[in-house]
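This report concerns only the one structure given below.
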Amino acid sequence: MKIRKNIEGLFLVAVAFVTLTAYASAGVPTFHHASKNAQLRAAVAEANMSIVTVTHKRLTAAEKAQMN
């Protein structure tokens, strides 16, 4: 009975240790440098984007049923 309790305690300590080391070793996100942000904004501003405008009315339930 004591062996089971000791193994359970050892397991809990191991889980706590693994959890803490995972948090401690997790990568910290780096911030973008200001010049990289400016380059990104310039690239987006120069990009030719297509704009699509949909001017059709939505189908009613009856019209949808007719299509099937």
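Given 0.36 nm per residue, what is the gain on full extension from Y23 to K5 after removing their alpha carbon distance, in nm?
3.8 nm
Any idea how far apart V44 and N68 come out in nm if each label point goes 7 Å out from Cα toward Cβ?
4.0 nm
Bear in mind these aren't lab numbers, they're just calculated from the coordinates by the rules spelled out. Remember, it's a predicted structure, so these values are computed and weren't measured experimentally. A quick note on method: Cβ atoms are made from the backbone with ideal geometry, for glycine too, and the neighbour counts reach across all protein chains shown.
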